[in-house]
Amino acid sequence: MKHRAARRRTFPQVRETINVMTSKAVPHHKINRSYRPSSLQEQNMEKQQKRFDTVNQMLEKVSSKPVNTNLNQNNSNISTQNGIDEDVDESEVSIVGYLKAKPIKFQTLDELLKNFPSVRAALYKKRTATSAATSTETITSHLSSLQITSQSTLSPIQSTKSAWRTRRTYALIGNELSLVQSILVGDENESFGSIGDQPITRKDIRTLRGLTWLNDEVVNFYLALVARESGTPGNLRVYAFSTFFCSKLTKDGPTHTSWDRWMRRANITLFDYDLILIPIHQGNHWALTTIDFRSRCIGYYDSLGSTDDMCLGRIYAFVEHMYATKRQISPMPDGWRVQAMHMIPEQANGSDCGVFACQFGKYLAREWPLDFTQAQMPQFRLQMIYEIYTKQLIV
């Protein structure tokens, strides 16, 4: 009994002690250590300033005048974005130097030029690339120097074929249509021969049915078929690269030492031709690039109306490299330009891009006006099956 009473007497005291301890711990807002608040934006600004300082250090090595990298400058005072700074030493500043800075990460080249206006000014004044630059640097330099020519300012090349209107581009007739239907039936691995090193099988030809996407073998074979007429009476001298060309160009670059051996092994003398056809495969889309030595134009034909500046830059650098190695002409002759073609037939679905690319090659090689439309694609598919099987283009 005494023990229980003692417990009853001590319990309230323990409870009071707990309440006192709890009440002392409540005011948690008091912190003994010093604290300076800092926002995420301020931290990002500090990081960005460090990056700009890194670039500025590099600028001092390649330019006699350092660039102002103050992040707090008023945007309204940056007048050099659309103009040219007269004080920039254009003989020293190079865009290659900026892109070498691995710590600097900009989303676009325009963002780099925006923050460093002297670079933009120097590029407007000096549009040449160094001969000792690597392939990536060369392409970047070309992209900043190439000027896209408006198609409306180009004078059309007169066709050497006065009877181009007599061409047949529509429905196949009786026996031809029956032959096409029979070609599609049978073993898919059956071979239908080859042109050069471009083979073709029934499985490949079946990609021309309906709205199926064309595979590499069909596009390569058809353009090789177009180029086979090269040099015949009334036809241009045409060469067609396969899709392997762009793959190698992307992997090795336009100035790799293996190009001379590769061109010699394939027995390709680039300057012997009037027109070069280059199929471009962008994963799920086909386009066609051409090198026209008559008009000195690198053209990009895309049935969706888009363009690929990096592709044009690589091919431009490749042609420049060929001039330097095969003709000992450096820099390349004046008048060369790149042209993204927009006034051309456009596709109205997501599956006929390969057919458009093949027809672009055929029409350009034969100097026909690009006057076909989306409505003709079903007939073009049937014609291509017949042409591939007979290895003869329909006129």
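The values are calculated or read from the model by the stated rules, or taken from the named source; none is laboratory data. Since this is a predicted model, take the numbers as computed values, not measurements. As a convention, Cβ positions derive from the backbone with ideal geometry for all residues, glycine included, and neighbour counts pool all protein chains shown.
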* Structure fact -> The residue from 357, 340 that alone is under 22 Å from the mean Cα position of the chain (by Cα), within 21 Å of residue 218 (Cβ to Cβ), small (Gly, Ala, Ser) and not in a loop (DSSP other than H, G, I, E, B) is 357
* Structure fact -> Cβ pairs under 6 Å, 6+ apart or interchain, first in the stretch 269-285 and of a type in the set (Phe, Trp, Tyr), second part of a loop (DSSP other than H, G, I, E, B), ordered by first then second residue, are 273/237
* **Pairs with Cβ under 6 Å, 6+ apart, first in the stretch 238-251 and farther than 17 Å from residue 215 by Cβ, second at pLDDT below 90** => 238/230
* To do: Please identify the pairs in which a residue from the stretch 296-316 that is closer than 16 Å to residue 277 by Cα and in the same structural domain as residue 339 (by TED's automatic domain parsing) has its Cβ atom under 6 Å from the Cβ atom of a residue that is surrounded by 15 or more Cβ atoms within 10 Å (Cβ to Cβ) and basic (Lys, Arg), counting only partners at least 6 apart or on another chain.
  => 297/337
* To do: Output the residues belonging to the stretch 338-366 that are closer than 15 Å to residue 276 by Cβ and at pLDDT below 90.
  => 339
* Structure fact -> Sole miss for residue 364 among (1) of a type in the set (A, V, I, L, M); (2) not in a loop (DSSP other than H, G, I, E, B); (3) not assigned by TED's automatic domain parsing to the domain that holds residue 228 is condition (3)
* **Residues located in the stretch 262-272, provided they are over 25 Å from the mean Cα position of the chain (by Cα) and over 12 Å from residue 322 (Cα atoms)** => 264, 265, 266, 267, 272
* To do: Please verify whether the stretch 339-354 includes one or more residues that are buried (at least 22 other Cβ atoms within 10 Å of the Cβ) and among the aliphatic types (A, V, I, L, M).
  => no
* Asked: Limited to the stretch 258-303, what total is found for residues that are aliphatic (A, V, I, L, M) and either assigned to a strand (DSSP E or B) or crowded, with 22+ Cβ neighbours inside 10 Å (or both)?
  -> 9
* To do: Could you grab me the full set of residues in the stretch 237-257 that are crowded, with 20+ Cβ neighbours inside 10 Å and farther than 23 Å from residue 310 by Cα?
  => 238
* Of the residues 179, 214, which single one is closer than 28 Å to residue 374 by Cβ, within 34 Å of the chain's Cα centre (by Cα) and aliphatic (A, V, I, L, M)? -> 214
